[in-house]
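The values are calculated or read from the model by the stated rules, or taken from the named source; none is laboratory data. This is a predicted model, so every value here is computed, not measured. Backbone-built Cβ (ideal geometry, glycine too); neighbour counts: all protein chains shown. All accessible areas refer to the heavy atoms of the entire protein, side chains included, with ligands and DNA or RNA removed. Shrake-Rupley method; radii C 1.70, N 1.55, O 1.52, S 1.80 Å.
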Amino acid sequence: MKIKTNRAVIVQCRLSSTRLPGKALKELGGKPVLAWVLSAMKKVNADYYYLATDQASYEQLLPVCRQYGFECFAGPLDDVLARFTMLLDTIKVKTVIRATADNPFLFYEAAEESAALFEEKNKGNNKCHYLTYSGLPHGSGVEVFSAEALKEAAGQTEDPYDHEHVGPALYNHKDRFNCEFIPAPRRYNFPELRTTIDTYSDFLRAFSIVNYLKSKGYEEPFTTEQIIEACRSNSVKYPAVLVPSVVKGHGTGHLRRSLSAALEGGFFVYIPDDKSLAETDSILQEYFSQGLSKNQIINSIPDQTYLPAIITDTFELTENQLFELSKNRSFVSIDEGSRFTDYCDYLLDIIPSYKCQRPANKSDSAFITMPQNVRQATEKNAENKIEKVLICLGGEDPANLTIPAAKAFMQKFPQAKITAIVSNEESPYVDYAGGANIEFIKPVSGLREKLYEYDIVVTHYGLTAFEAVYAGCGVILLPTTKLHKKLAEKYNFAFIGDKALSSSSLDSALSSENLYARKFLENDLKDQKKSLSEFLRQLASGKRMCCPVCGSFPDKPDPVISRNESRTYRRCAKCGMLYMAFSTIEDKKYQKAYFFEDYKKQYGKTYEEDFEAIKAQGLRRVSIIKSLAGLRGESLLDIGCAYGPFLSAAADKGINVFGTDIADDAVAYVQNKLKLPAVTSAFPEIDTAEEFGIAQFDIVTMWYVIEHFKDLGSVLRKVASLVKKGGIFAFSTPSGEGISAKSDKDHFFQISPTDHYTIWEPGRADAILRPFGFKVEKIVSTGHHPERFPEIKKSGAKPGSLKWKLTDALSRAKKLGDTVEIYCKKI
Ligand SMILES: [Zn+2]
């Protein structure tokens, strides 16, 4: 016999939600939202399980209640308080555990615990009328209250707000009721997370959570730990919406590629209502049958509350489309042919493109999904063996080449069976249907795995061409445009050019050494296969950044200076700064390990071992500063002082030095070993007046620190406030005008550390610093490396040789060092 708990679980639900109508019955991962709520709450111990709804919703909700072991109670629509008290009049319980139907990810363990805590508090003479855990994710919590107290409260309040809700009747009247908001135990305490479903965007987040949990094979109802894991997973944190072309004339390849990636990676796919690609619905059905969820197909893009990255696969976007789609969010484009690609945070080229002048972040045809069915090598005497020909010129065949191609092949190979894919089996094809050995068929699902059956595939430049090559077929392209012809040439395809399709032009294509182009792709085939969905998942978590100096996003994107696999760099149109504008790499945390491990990795010795050499540099810098400032009794603040070699040098020269660094252990070293004043701070968050008793300094320095600030504008403002008028601000940083940057710009950006957010060009430093009140007084080019000059690389000249010495002299004379020191005066 079940022990009486004296508890009732009551889930409150209505179907007339204004923001997301009918959300309780909306299908989420295979069952209604409400079903998730009920199955979670059923885990909480109680005598009664009720759904409290209104008359209008009752009939629709009843079947779900029955299925999950809940009773259904109908009461007033708006006076929810009355709905609860009416229900409570029909049952005899002490404690009510209340949940709402828009929260599919309730923490049932927390619900059980808080109910037990509530009962504990009511033992003896104490009275607790209402209790809830605070700090749970928004949408995972429940309320626990006394049935008796609620009835009493309902009789005492006329306030409409109290009647529209339930809890407020108690907790807004704390003079009469004892209500406790208890900080949830740590394992439930995640106030930054959101799991409720209030808006459409929330619903998409909920789908991502379910999709993640299912992909992990977790059993329902999900535990707190599992839900938290999902909320923190990249696939939930960084949603992505794929935007394929569904425009007539662009073929079906874009849509299929997006749907495949969505199926594999759990992305959303945006299909607008005004799509004109006729095959869209049948292709969607095909992917639904493979397991794609209908929830993944969306016709509006989620808003700020669940901002996705946008990934387009659309052939060629207009400037206006680029502008709209790239607003406020990470924006990635696949095989984008537009002239306006500066709007794109990231460009991924998969099908080799002739538009190579437009650099991509990554070009990799290994993302083409390879057919698994491949022909065995029987390439010799190919001509005699041609028995099956596939003509596949896109469902729409805008240039009407299908019939001429079929005719040419029928003449050439009267015995061969010719199959042509057309979207429309009506005229003009009907005249040919049934004649000779030709067959017209509709677009085939899973064509990729059927290509190997054909000896020859006739198609346009595009995905099918590459797939057919990989499948080992002979491939002949029919270029429709000049661009396609150039591409066919560039990528070693046999093709029939702009001449008419004739038996002679067909002959020359058939005799081309490129007919079986698979051999040219052997390199690509080696590292097969790369997962597009995994790569897109990584891109979706990428961060877009604005100019660190100006701190705001411009209306028109700043021009792109360099793209590489993990980053995109731009030049700010306003201030001229070169900056990292997009990165897929997680932020580095400066910890002790930086000095002990990374430093050693980079320089082959520990920072401490390098101390004296760095200190010698410091002595040189101090004398430059002294020569510029002509100050007496100077005070100096070194920001990012690390283990203090520069502080030590300046102190040796009689300067009153102070240091600050983000790393505790470095600051401790300065304090204890060097006996110099230093504090830990994350600049610009430091109050020097409080820490050192000094509001302004004669000298402020930053050695290889300035490039690490994402918020450089506020850093420079803070520095300006810390330097006395006429005082010196000096810093060193990698140079964007050194030999490495000048001789191979893209390589320079590629090897630029991923935590360098700005690249300083000495020639532009004055213009960038002036608005902050600094005037550049002296620029010293440092880091001279003859071995990085193309002439030395080419000739292999050794250190000490004349060529080497001359190059070194040139580097110094032309200020081509890879690092730079900039000394400026506060004006
Ligand atoms: Zn700027």
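Before moving on, here are some points about what is shown:
- Relative contact order %, the stretch 44-89, counting alpha carbon pairs below 8 Å whose residues are six or more apart: 39 percent
- Span-rule helices in the chain, defined as complete DSSP H runs reaching 24 Å or more along the axis (Cα) with Kyte mean at least -0.5: 611-629
- Which listed pairs, of LYS626/LYS826; LYS615/LYS745; LYS43/LYS121; LYS385/LYS407; LYS653/LYS826, have C-alpha distances above 24 Å, in listed order: LYS615/LYS745
- Expressed as a whole percent, the accessible surface of the stretch 89-133 that belongs to carbon and sulfur atoms is 47, based on a 1.4 Å probe.
- VAL11 long-range amide H proximity, modeled H, under 5 Å: TYR50, LEU51, ALA52, ALA99
- Of all lysines in the structure, the ones whose alpha carbon falls short of 18 Å from that of LYS92, not counting any fewer than 8 places away in one chain, are LYS2, LYS4, LYS151.
- Apolar share of the accessible surface for the stretch 754-827: 57 percent from carbon plus sulfur atoms, 1.4 Å probe.
- Between the amide H of THR312 and those of VAL243, VAL332, SER333, ILE334, distances stay under 5 Å, these residues lying 5 or more places away or on another chain, with hydrogens modeled in the peptide plane.
- Of all accessible heavy-atom area on the stretch 673-714, the percent that carbon and sulfur account for (1.4 Å): 51 percent
- Restraint check, LYS248/LYS294; LYS42/LYS123; LYS294/LYS417; LYS248/LYS556, Cα-Cα greater than 28 Å: LYS294/LYS417; LYS248/LYS556
- Its DSSP H runs of at least 4 residues, each contributing -39,500 (n - 2.57), put the calculated 222 nm mean residue ellipticity of the chain at -9000 deg cm²/dmol, to the nearest 500.
- 3J(HN,Hα) along the stretch 776-787, derived from phi through the Karplus expression 6.51 cos²θ - 1.76 cosθ + 1.60 where θ = phi - 60°, amounts to 6, 9, 7, 10, 10, 7, 10, x, 8, 10, x, 5 Hz, with x in place of Gly and Pro.
- Within a straight-line Cα-Cα reach of under 13 Å, LYS362 can be paired with the following aspartates and glutamates, leaving aside sequence neighbours fewer than 8 residues apart in one chain: ASP335, GLU336, ASP345, ASP349, GLU565, ASP746.
- For the stretch 143-199: relative contact order, % (alpha-carbon pairs under 8 angstrom, 6 or more apart): 22 percent
- Computed 3J(HN,Hα) for the stretch 444-458, one whole-Hz value per residue from the Karplus formula 6.51 cos²θ - 1.76 cosθ + 1.60 where θ = phi - 60°, is 9, 7, x, 4, 3, 7, 10, 4, 4, 6, 9, 6, 10, 10, 9, glycine and proline marked x.
- 13 Å beta-carbon shell around PHE789, net charge (K/R +1, D/E -1): +3
- Counting only DSSP beta bridges with both residues in the chain, the antiparallel share comes to about 30 percent.
- Length-normalised contact order of the stretch 749-827 in % [C-alpha pairs under 8 Å, at least 6 apart]: 41 percent
- Rolling a 1.4 angstrom probe over the protein heavy atoms with all chains in place gives the chain an accessible area of 45 Å² per residue.
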